[in-house]
1. Pull out a ≥ b ≥ c, the square roots of the eigenvalues of the alpha-carbon gyration tensor of the range 470-571, then state rounded if a/c is under 1.5, prolate if not and a/b is larger than b/c, and oblate in the remaining case.
2. May I ask for the distance between the Cα centers of the range 618-660 and the range 227-294, given as a whole number of Å?
3. Given bins 10 angstrom wide, list per bin the percent of all Cα-Cα distances in the range 676-726, short to long.
4. In whole Å, how far is the Cα centre of the range 693-726 from that of the range 88-105?
5. Can you give me the C-alpha center-to-center distance between the range 114-174 and the range 571-605, rounded to a whole angstrom?
6. Given H placed on each backbone N at 1.01 Å, which residues far from E95 in sequence or on other chains put an amide H within less than 5 Å of it?
7. Over the range 167-214, what is the mean sequence separation of C-alpha contacts under 8 Å (at least six apart), divided by residue count, expressed as relative contact order in percent?
8. Would you pull out the residues with amide H under 5 Å of V283's amide H, same chain only if 5 or more places away, H placed 1.01 Å from N?
Amino acid sequence: SAPLWRGASIAAAAAATFGAWVAVAGSRRRALGRHTAAGWARSSASSAVCLAAQARGRGGETSSGRRLKVAGPEWVQTLRGTLLGREVAFVCCGEAHEDAIALTREEGIVEPEEGWFDGPAPGSPGPDAAKALAERGPGLSEEGAQAWAEKVLSSLGEDFWGDEEGGALLIFDRAGGLARLFAPECRRSRRHRVPEGSVAFEWGDLDGQTRAFNRRRLEGEKVPLEEYDAMVAKRKSARKKEDGFELLDDWLLRQAATCASSGGGASPHLAVVLEAPVPAEEVELHFDDAQGPPPAAHACVRQLDLDSDTDSDDAADPDDGSGSFLDYLHRRLSASDALPKERLYRIDMRSLGDAEDEEDGKAWQALLKAPLPEDVERLALDAAGAPKAERGESADDEDDSSDDEATDTNSDEDGTSDSGSDEEDLPPPLPSWEAYFGAASEILYYSRHIKADYVPFLARCVGSQAAMQAFFEALYFGTVPDALKQVSIDARTQPLTRIRSLAVSGAAAGEGAPLLRRPGDWGFVPVKVAPVNCYLKARGSDPPRLWISGLAQRLTEAGAGALVAATQAWYREAVGQMLANPKAGDLEGDYFVAWLRACRREVYDDIDRYAPEVVRDLAWAPSLSHPRSRQHRHDLGDVRIPSVDEAFREFAAFDPDARSSTARERVLAHILVDMFQLRLVDVAAILSMASAVVAAPEGERVVVVLYAGADHSKAIVDFWRSQSFAAEGLTRGGLVGKEDWLGDESRALTFPGYLHDFSQLFQKPSFAESARSASQCQFR
């Protein structure tokens, strides 16, 4: 059977009935995987011997002897074929970037079960009774009060239930049977304490442990990874015992231990490819002595507006990147001796040289033989004693802050904590081309309030679609010097390559204001200028190549040049399709939502953006402010994002000496840049999977498990199908799970026998059926 994404999609049904949005499982964000495995307590990892013993015993079974289900990916697609003289099985796992703690909810249902839980005790700070949304009684019972409150909230709308920051509050006077209902944002104070003899309930996540963890993150606390991993381990144990499923990390480590302990070729050679950050050990710094330090930004970049408020829905999102299952899986695999270190491949290079983890930061800094020169802008600001600019409302952004009744927080007036907001508070990143362009992903998907500008670079240094494509292909498949020949970066244009200045001047600083220091960007734009003089390159490459180009070169030298050429052709075609129609090309809808925010802000603020992939396909979107009015619906069907040709025609009219870029121009530039980075992760996965095959002895059977975001995994599956890999002979065409999940469905997957015993993947004649067409593959 064909994969689900080649047939009908739940998203299509949801688009037909807008009210079904809530049924679309989870947000489909692409994670950047910035947290690394360094510093995790290695002592907690099980040894290969212990895991192998579990595999031979009941390690993958319930107490009744049934095999455990597995949670982690949304779906798993297995393909088989031959590659470079080896029988190969690719097990491709697509995930929705859920938190590890969410996957350990009861029954494997990741969406929180919401209800009334115990609120503040009598005598605690409470709300002003005069500010109640509604009041009912006397004569109510406790159960009746809760049922009444739920009806009121349902009539008021979704926003009144609350979010991760806090839910609606119900205070019930037991003696008189009187109930008062308060909005989530209603301020609590010592002047209005919860009355004695009353009981308070708050609406929200009934999983108290997850609720407490998310609130700690919302308050800006960095929960120690050791504490988090111990909490997840305890919850996993409960899920095995009570619900009969395990997480993918335990399943994968058990397979690794089985493969490692089986001698005589009984088990295949196993490797794992993760959408995790490329480690420092695979690159080194390159210095170009002919290039001086980057100059200060052009005036048009210094005049860029200050950062705006975060969106209110983003501010209430506890996901800070520290709890994802992908990161947890990375830590577990890195710390275990069940999987040899050389068989773990990491493919996300978009933040290369940048790290949030202290130990990982030490690994990057160890590449420095001498300190990098100070940024000329920072030196100038320090010499001038420039004060920090006060962030106000930006010209292209509406105010997303909460109303005056918002509860007290530890944040500044702008709704974001200033702790760690300045670059000097963060470990200095090493310059890399990957991180320079990778900032586009961060801003498009997660941090749309942060200002960075690729427009001057694209308009004056690149200039055309042809030059852009030639530049990126040379950068990622050739050498850096060859790539720089495709663009115009010289003393005149180099100031235009700064995408964010440390300084503020002109209109952004205020009429007649002196040079000011731009507030920090929280590390979201780690490399602010094209690193022509110093950058990370593939270790040992000369002339210098970027990490992924070095990977392609090593494969070519190993005899896989035809596969590298096919990958490059696929990359060119995949990016070209997105460039021609950005709205249709981004299946997950992130580009379209970002476009609405920049260009149609009144629409963006007035529609439900819970599922961007559904928003992208809607012809009409109901108004949040007038939900029952057809007259106030928003026409989304006619909203389009310009193609790359149209974009460069717009960029041609940009004069950096006359003005700074517009919000429309900036988001368009971010989208164009990100297309090349998004599909580059797919290329890295394909080349790493091939590298894992090459690393196995010739003639040996090989299993490569890929774990990456669903969008990446789908593209990678399609590539390998084009190279004659297939799933004939496997149950349900090798597919387990599905692309779209309802909120109340368990994510625990029932794995077929061949995923519990990899040797079954190579049994004849089933393998021969899958490999029959692959036997003619040019890469065999």
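1. Values: a/c = 3.12, a/b = 2.73, b/c = 1.14.
Cα axes put the range 470-571 in the prolate bin.
2. Here the answer is 41 Å between Cα centres.
3. It works out to 23, 55, 20, 2, in whole percents.
4. 16
5. 41
6. Answer set, sorted by chain and number: E74, A708, G709, A710.
7. Worked out over the range 167-214, it gives 43 percent.
8. Under 5 Å from the amide H of V283 lie the amide H atoms of R539, each far enough along the sequence or on another chain.
The values are calculated or read from the model by the stated rules, or taken from the named source; none is laboratory data. The structure displayed is predicted, hence computed values, not measured ones. Note that each Cβ is placed from the backbone with ideal geometry, even for glycine, and that neighbours are counted across all protein chains shown. All accessible areas refer to the heavy atoms of the entire protein, side chains included, with ligands and DNA or RNA removed. Shrake-Rupley method; radii C 1.70, N 1.55, O 1.52, S 1.80 Å.
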